[in-house]
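Below is one structure, written out as structure tokens, with a few remarks after it.
The values are calculated or read from the model by the stated rules, or taken from the named source; none is laboratory data. Everything quoted here is computed from the prediction, not taken from an experiment. Here the Cβ positions follow ideal geometry from the backbone for every residue, glycine too, while neighbour counts run over all protein chains shown.
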Amino acid sequence: SQTIHQWPATLVQPVGSPLSLECTVEGTSNPNLYWYRQAAGRGLQLLFYSVGIGQISSEVPQNLSASRPQDRQFILSSKKLLLSDSGFYLCAWSLTGGKFFGPGTRLTVL
Amino acid sequence: QQPVQSPQAVILREGEDAVINCSSSKALYSVHWYRQKHGEAPVFLMILLKGGEQKGHDKISASFNEKKQQSSLYLTASQLSYSGTYFCGTDLISSGSARQLTFGSGTQLTVLP
């Protein structure tokens, strides 16, 4: 069966510091991968998606970037965090049907 | 384009029924439904791929009206465990192979004993 991992689970970072969130999927090959962000009490905003290694599409212009160095690894990064980057970051995978979310990383930028 | 969900919130007593609606201004390839408990990740409930398709999962079912570009989620004889925020996600016909979803703002469902 497929599983999706994200780490860290929680993170507190100062404004201006860098960020690296990692997501890995097990039990499947060549999945579509997605990064979503959810602000407190709000809906899910699609940030990036990838259909293959090195293929990244951005939905929202921002100070974040994503990379897919391996088939089942998706990384979200920032060089300098803003206060507005705080939120719940969710990685998801899919093949042809539903999207399955990882446990998420709760990021607080102070 | 974000789909519109209604109602924004609903409070039920255990055993009552509820309907949550999701509508889009653009032609849809599919509609997905998710439930999110507080502090947790969304959990996939079902996907509707064809116009007019209806699916069920326990006492939770959904329909997809392709012509009206809308979907409805039906919760029958609600249980306490149904409480949470329900999101619809829409996949447009114009999407590429990534089939990326745009989520509605959510419907907060509370089931009281």
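Residues of region B:55-63 include at least one that is part of a loop (DSSP other than H, G, I, E, B) and either crowded, with 18+ Cβ neighbours inside 10 Å or at pLDDT below 95 (or both).
Can you tell which of A:Ser77, A:Ser57 is within 11 Å of chain B (Cβ to nearest Cβ) and in a strand (DSSP E or B)?
On the way: A:Ser77 fails: within 11 Å of chain B (Cβ to nearest Cβ).
Going through A:Ser77, A:Ser57 in turn, just one is within 11 Å of chain B (Cβ to nearest Cβ) and in a strand (DSSP E or B): A:Ser57.
Just one of the numbered conditions (1) more than 10 Å from every other protein chain (Cβ to nearest Cβ); (2) in contact (Cβ under 8 Å) with a residue 40 or more places away in the chain; (3) surrounded by 13 or more Cβ atoms within 10 Å (Cβ to Cβ) is not true of A:Phe88: (1). Out of the residues in region B:3-30 that are assigned to a strand (DSSP E or B) and within 11 Å of chain A (Cβ to nearest Cβ), state the one that is modelled with the lowest pLDDT. Going through the qualifying residues, I end up with B:Ser30.
For first residues located in region B:84-100 and within 10 Å of another protein chain (Cβ to nearest Cβ) and among the basic types (Lys, Arg), partners that are part of a loop (DSSP other than H, G, I, E, B) and surrounded by fewer than 20 Cβ atoms within 10 Å (Cβ to Cβ) and lie 6+ apart or on another chain with Cβ distances below 8 Å form the pairs B:Arg99/A:Thr96.
With respect to the conditions (1) hydroxyl-bearing (Ser, Thr, Tyr); (2) more than 11 Å from chain B (Cβ to nearest Cβ); (3) surrounded by 14 or more Cβ atoms within 10 Å (Cβ to Cβ), A:Tyr49 lacks only one, and its number is (2).
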